[in-house]
Amino acid sequence: MLGAMSRLLTRRAWLAVAAVIAARAAWRPRALGAQGHLANLAPEEPIAATLKRLSGGRPIKDGAALITIEMPLIAEDGASVPITVAVKSPMTPSDHVKAIYILAEKNPRPLNVKISLTPAAGQAYVATNLRLADSGPVRAVAEMSDGSLAMATRDVRVTVAGCAA
């Protein structure tokens, strides 16, 4: 049967059929991405809108007793500011930190970092460098396995901006 079909269709027709199938496969509608992805944020979204998007309407509790943010109080170069975030959690399958978000209020895109964690991580700890556009608060938001959110804030003074505002 395949031999009879190949005699009826030319090579060019087979390529056209393959192109249509590929176009249909690429075109199928896709669900919106999950909250918190950098690509889903508007180019210059304010911090309030970013927090609303991350929380999805859930309340954000004060996490000062739960979250530790270590970073310099004065950053001489905003292009590379070291930061560590640690969240107190047993990291068991029933009680663990699902994600840690780091947001810089004065950056054009406030969401700088999203780290997804599992209980296998052993501890909820992140160390990285941020680019900061200006002096202001840096926030760490921890999303727990039960869906609750906690946030801690640390102010930093930037002497030389690290990214365009």
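Structure summary
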quantity: Of all residues in the stretch 10-43 being part of a loop (DSSP other than H, G, I, E, B) and over 15 Å from the mean Cα position of the chain (by Cα), the one that is modelled with the highest pLDDT; calculated: Thr10
quantity: Some residue of the stretch 120-129 being part of a loop (DSSP other than H, G, I, E, B) and surrounded by fewer than 16 Cβ atoms within 10 Å (Cβ to Cβ); calculated: yes
quantity: Residue match in the stretch 51-66 (condition: modelled with pLDDT of 80 or more, of a type in the set (Asp, Glu) and not in a helix (DSSP H, G or I)); calculated: yes
quantity: Subset of the stretch 79-110 that is in a loop (DSSP other than H, G, I, E, B) and small (Gly, Ala, Ser) - its residue that is surrounded by the most Cβ atoms within 10 Å (Cβ to Cβ); calculated: Ser89
quantity: Members of the stretch 144-165 that are surrounded by 19 or more Cβ atoms within 10 Å (Cβ to Cβ) and in contact with a Ser or Thr (Cβ under 9 Å, 6 or more places away or on another chain); calculated: Met144, Leu149, Ala152, Val156, Val158, Gly162
quantity: Some residue of the stretch 83-101 being modelled with pLDDT of 95 or more, among the polar types (S, T, N, Q), in contact with a Phe, Trp or Tyr (Cβ under 8 Å, 6 or more places away or on another chain) and within 24 Å of Leu149 (Cα to Cα); calculated: yes
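The values are calculated or read from the model by the stated rules, or taken from the named source; none is laboratory data. Note that the coordinates shown come from a computational prediction; the quantities given were computed from them, not determined experimentally. Reconstructed Cβ throughout: ideal geometry from the backbone, glycine too, with neighbour counts over all protein chains shown.
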